[in-house]
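The values are calculated or read from the model by the stated rules, or taken from the named source; none is laboratory data. On a predicted model such as this, the values are computed, not experimentally measured, just so you know. Cβ coordinates were reconstructed from backbone atoms using ideal geometry, including for glycine residues, and neighbour counts include every protein chain displayed.
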Amino acid sequence: MGSPSGAQGPPYAPIETAEIINILRTVPDPGITIGMLLRRFGSRVGEGPGQMARKEWVQLVKKVAFIEDEATKVLRLKTGA
């Protein structure tokens, strides 16, 4: 009946900036929004055990990308990423 208290969720592979860069490089025009990018990481981002906190994930995205258009929230790779 349910999982025991303190049970950990499934182990997820750590998310690295290289993975974000690879996704952004393969997205065709007009680009991808941060919400669409987040969906690509599925259950690996969240507040549960074994997940990367959303705030930390956003910081990784900000290291390698910027919002090109505030109206559409489309992400673009930073130069040199």
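Yes or no, residue by residue, for (1) more than 18 Å from Ala13 (Cβ to Cβ); (2) out of contact with any His (no Cβ under 7 Å at 6 or more places or on another chain); (3) loosely packed, with under 13 Cβ neighbours inside 10 Å:
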{"position": "Thr26", "(1), (2), (3)": "yes, yes, yes"}
{"position": "Gly35", "(1), (2), (3)": "yes, yes, yes"}
{"position": "Gln51", "(1), (2), (3)": "no, yes, no"}
{"position": "Lys55", "(1), (2), (3)": "yes, yes, yes"}
{"position": "Glu68", "(1), (2), (3)": "yes, yes, no"}
{"position": "Leu75", "(1), (2), (3)": "yes, yes, no"}
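Filter the range 39-81 down to residues that are among the aliphatic types (A, V, I, L, M), outside any strand (DSSP E or B) and under 14 Å from the mean Cα position of the chain (by Cα) and give me whichever is nearest to Glu16 (Cα to Cα).
If we take residues in the range 39-81 being among the aliphatic types (A, V, I, L, M), outside any strand (DSSP E or B) and under 14 Å from the mean Cα position of the chain (by Cα), then Leu60 is nearest to Glu16 (Cα to Cα).
Can you run down the residue pairs with Cβ atoms below 7 Å, 6 or more apart or on separate chains, where the first is in the range 18-36 and among the hydroxyl-bearing types (Ser, Thr, Tyr) and the partner is surrounded by 14 or more Cβ atoms within 10 Å (Cβ to Cβ)?
Taking only residues 6 or more apart or on different chains, the pairs are Thr33/Lys73; Thr33/Val74; Thr33/Leu75.
Go over the candidates Ala53, Ala65, Ala13 one by one and state the one that is modelled with pLDDT under 90 and either of a type in the set (A, V, I, L, M) or in contact with a Cys (Cβ under 7 Å, 6 or more places away or on another chain) (or both).
Checking each option against the conditions leaves just Ala13.
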